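Worksheet: the structure to be examined is printed underneath.
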Amino acid sequence: MAPAERCTVCRQTFFCGRGHVYSRKHQRQLKVALERLLPQVEAARKAVRAAQVERFVPEHERCCWCLCCGCEVRKHLSHGNLTVLHGGLLEHLASPEHKKATNRFWWENKAEFQMKEKFLISPQDYARFKKSMVKSLDSYEEKEDEVIKEMAAQIREVEHSRQEVVRSVLEPQTVPDPEEGSSAPGSWNGTNSQVASTSQQPSYVDLPPAPELDWMETGQPLTFIGHQDTPGIGNIHSGATPPWMVQDEDCSSGNQQIGPSYEEFLKEKEKQKLKKLPPDRVGANFDHNSSTSAGWLPSFGRVWNNGRRWQSRHQFKTEAAARNKQQPHRKKS
């Protein structure tokens, strides 16, 4: 009987010796395993002439299983915050260790000889990949510089607009007072003519000409009532004390107490405690402030009598029944 041998492709142990590698099952499993690895190798081979550089993301740390070497290989090549796509797999396929492992794998598993070249990268192709990788890195850095410049320009533009808004708010704005002037329409017309004449004269500050007040030419004179200031009472615009700063007469005395007193607080606290007790308890309606004599006894349930409470309850019922019987006889008499 042949010694046991372990097939890594079929993942089984066989006792038929070297004849297992020629079986249909082994060749079928071998073909499926190679076709599973082939798309990744073809994608890496396309990156030989045009390497792609991207910003590093956690997905770039993925690994692929090399069937020939029997180990995991990093698919991408990362350094810092940059990643060269398919760089790690190309570096592994171009290594001499992978070439030796591929030759041994093809010999042991009797795979198709035409497919072996698809899983190997020549040193010339790997050198071409290095040159394209350098060009891609340079172009990526240029794009990053352009993006940084654009972001800096946007930041400067936003900062400039913010400063313009702040400057426009801080600049003093002269608003004409409509109350100043006479009530006659002629004076308004004279003022308008003076403004128009002064606007035509050259000045150091170029101001737009004053618009004509057509609404004053309707023939209806305006009457100036005057400032409506109440004597003795001012407002915050005239320099008076604001109403919220004026001290009330009631609060002028410092001895006035704010809020409830301590005794009222204790009474309210006792009320809150009593609210938690059942309302139908014995002595709930008893007035503790009422004046009582020295011989006072409670009139609820005969609690202080000798005996048990149920006896007092029965005594009370019997006495009440006897009292009710006596009342009709008194009414008849």
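The values are calculated or read from the model by the stated rules, or taken from the named source; none is laboratory data. Computed from a predicted structure; not experimentally measured. Counting neighbours? That spans all protein chains shown, and the Cβs are built from the backbone with ideal geometry, glycine included. What goes into the accessible areas is simple: the full protein's heavy atoms, side chains included, and nothing from ligands, DNA or RNA. Shrake-Rupley method; radii C 1.70, N 1.55, O 1.52, S 1.80 Å.
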Ordering R167, R28 by the accessible surface of their heavy atoms, 1.4 Å probe, largest first, yields R28, R167
In whole percent, what relative contact order does the stretch 5-142 give with Cα contacts below 8 Å and a gap of six or more residues? 25 percent
Any idea of H60's accessible area? Nearest 10 Å², probe 1.4 Å. 20 Å²
Quick one: what are the phi-derived ³J(HN,Hα) couplings along the stretch 6-21, Karplus 6.51/-1.76/1.60 with θ = phi - 60°, whole Hz, x for glycine and proline? 9, 9, 6, 7, 7, 6, 9, 10, 10, 10, 9, x, 6, x, 5, 5
Given the convex hull over the Cα atoms of the stretch 5-142, what projected area results after averaging over all orientations, in nm²? 8.9 nm²
By accessible area of protein heavy atoms, probe 1.4 Å, what ranking do W65, W244 get, highest first? W244, W65
Which percent of the accessible heavy-atom area of the stretch 1-147 goes to carbon and sulfur, probe 1.4 angstrom? 53 percent
Taking a probe of 1.4 Å, how large is the accessible area per residue of the stretch 5-142, in Å²? 64 Å²
Sorted by accessible surface (1.4 Å probe, heavy atoms of the protein chains only), largest first, F316, F14 come out as F316, F14
Leaving ligands, DNA and RNA out of it, work out the accessible area of Y140 with a 1.4 Å probe and give it in Å² to the nearest 10. 40 Å²
Leaving ligands, DNA and RNA out of it, work out the accessible area of M245 with a 1.4 Å probe and give it in Å² to the nearest 10. 130 Å²
Other residues with Cβ under 12 Å from the Cβ of Y140 give, with Lys and Arg +1 and Asp and Glu -1, a net charge of -4
